[in-house]
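The values are calculated or read from the model by the stated rules, or taken from the named source; none is laboratory data. Remember, it's a predicted structure, so these values are computed and weren't measured experimentally. FYI the Cβ positions are ideal-geometry reconstructions off the backbone, even for glycines, and counts take in every protein chain you see. Ligands, DNA and RNA are stripped out before the accessible areas are found, and what is left, the full protein with its side chains, is counted by its heavy atoms. Shrake-Rupley method; radii C 1.70, N 1.55, O 1.52, S 1.80 Å.
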Amino acid sequence: MKCTLFAAVSVAMFCLLSTAAVTVLAQENHQFVPQLSVPASENAAEPASATVAAADVAPAKVLSALSQDRQTVEELASLWEDELSGPMPEHLMRISHSVLQGELADSQEASAVRERLLSLPLVFDHHRTSSEIDAYLSSRQIDWLREQGFLVSEVPSTNDNEESTTSTSTSSYSEYLRSVSFSGYHNYEQLTSALQELASQHSQVARLTSVGNSVQGRKLWALEISRNPGVREPEPYFKYVGNMHGDEVVGRENCLRFAAHLLERYAAGDPEVVELVNTVSVWVLPSMNPDGFELRQRANRNRFDLNRNFPDRFDLGTSPRQPETQAIMDWVSAYPFVLSANFHGGSQVANYPFDGNRERRSGRYEASPDDALFRRLALVYSNAHRTMHDSREFAQGITNGADWYVLYGGMQDWNYIHRQCLELTIELTNTKWPSASTLAQHWEDNREAMLAYLRMVKTGAYGFVTYTEEQQQSKSTTASASSAASSSSSASSASSSSLPAEAKIIALEQLDSGELRAIDHLVYSTALFGDYYRLLPVGTFTLRATFRGQTIEQQNIRIDEQNTRVRVDFHFGN
């Protein structure tokens, strides 16, 4: 899950209230946090003594305690360093407390505590209510929480897999996963065969390749769908990635169905699909974590959460780098991907960057430089989905990552920061591993959304950056820019006398005041063709291209609600 776990690198604030710890868990922005003391000694009192009676917790006392420094928090984060920086904790548990059933749940004290507890350094999972929260915990974390007065128990199954041999009412989620049926799902061998068959039947526009291997040696298969698969062309690159977490399986099946749908509609002559395949390089990677799927677990074979294993802005991901992570990094670095989504399960929402913030605090919105664009992209998917936009939990079915919960080492932030690729994390289903009998409906729910999101790769501004050899031989050079309607073919490059230029492209948004605000995120034209693709939200923009110390500016580029694409070329030289 966005991926669905609370960030393993958050740092909490813990305060002592009088002579005992106050323990409260509450809800805000779908986050829940307990107020904890520093780690208990070996002679800690019984759990009941760690809870202060509701009548004894004065609001002023709580608010005063919450203003204390962070030293005890860092001590606890250091104590749990292994859980935060290496393999993920083993036990998926539900945390609650008797206080949460009482009058304090909606009190001022609880609100103040909630704000601090949004940074508790545990690996949280999706499920949160006003009285409980799920988290992946180690044995020592479970013991410590119980010493503080928490009620910690195994997460019950949310079983709707009718082929499972485990009873929903009595089983834990871990027991459910061990007994879940693969019937109706493609295991690794079946997935491989299905992809090979698609590539063989549609060889003119499809090519199957492995981008790397899992820990256990399984191939990470990626199906390329394009007019000339295997040939680099001046066109935008797009990708869908599924099954990053092994026990979140609907995205795996939807990716396979999407690839088949695209190829079948292309063969049938569907005008829209033909146009997309002929002008976009579409990649579909159904399973990033095939070992986790076969093992029925979230993590890879080494028990690493792959969505905490990428480089990020704060260098707070897990280590060492896992084979699956490195394979994705190498693949994305080899192609100029423009737009992407990775599919998860355990909730239903389109999640967008940033996932982490400097404060390491969940529930605090962390906008990227392209926040307006990311919101637009997320809404495109949510609105086209059959039910996501009607979410009761997330307004319009979308959320900022850090505003939901912080995580570090995530794939979507890495794509955006390090590879200039815009990526969403899309949670498809509230149940991670639903019955295979529901897969057809899940595909119908997402089919139009997957197509609508793919179409967005052909919006905004695009064009070619070129230069002439004379530029290198003369101090007196000129620069020019040209704009053309989006109906111009993206494959039409510069004249034979021009060479492709690998330039920096920056967009500046025109504000209502008339001033320009630079969007602090560069894209680059490719060295091979000089083509670039700068997705933009609705508005008026200026584009600046910089090449070998020279800058060209093209103004008044209007992006409208109809997603009309605008071509803007830049040429350096005489």
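So the values come out like this:
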read-out	value
Kirkwood Rh in Å, taken over the stretch 339-480 so that all alpha-carbon pairs contribute	16.9 Å
Accessible heavy-atom area order of 265, 558, highest first, probe of 1.4 Å	558, 265
Spatial extent of the stretch 201-316: Rg and Dmax, with the Cα atoms as the point set, Å	15.8, 48
The stretch 364-449 - accessible surface per residue (Å², probe 1.4 Å)	32 Å²
Cα-based convex hull volume of the stretch 197-247 per residue, rounded to whole Å³	102 Å³
Globularity ratio of the stretch 324-410, using Cα Rg and 2.2 N^0.38 Å	1.16
Inter-label distance, nm, simple model (7 Å from Cα along the C-beta direction), residue 516/residue 210	5.0 nm
Inter-site label distance for residue 393 and residue 183 at 7 Å from Cα along Cβ, in nm	2.9 nm
3J(HN,Hα) from dihedral phi, the stretch 422-431, Karplus parametrisation 6.51/-1.76/1.60, rounded to Hz, x for glycine, proline	7, 10, 10, 9, 10, 8, 8, 9, 5, 9
Extended-chain gain in nm, criterion 0.36 nm per residue less alpha-carbon gap, residue 333 and residue 103	77.4 nm
Links that overshoot a 24 Å alpha carbon limit, given the list 219/458; 239/458; 219/504	219/458; 219/504
At 1.306 mPa s and 10 °C, Stokes diffusion of the stretch 250-383 via Kirkwood alpha-carbon radius, µm² per second	91 µm²/s
Gain in span if fully extended, residue 270 to residue 564, counting 0.36 nm per residue against the direct Cα distance	103.8 nm
Solvent exposure, largest accessible area first (probe 1.4 Å, DNA, RNA and ligands not counted), of 239, 458, 504, 219	504, 219, 458, 239
Whole-number Å³ per residue for the convex hull built on Cα positions in the stretch 362-427	85 Å³
Residue 85 versus residue 540: modelled label distance in nm, points set 7 Å from Cα along the beta carbon direction	5.2 nm
Solvent-accessible ranking of 431, 425, largest area first, probe 1.4 Å	431, 425
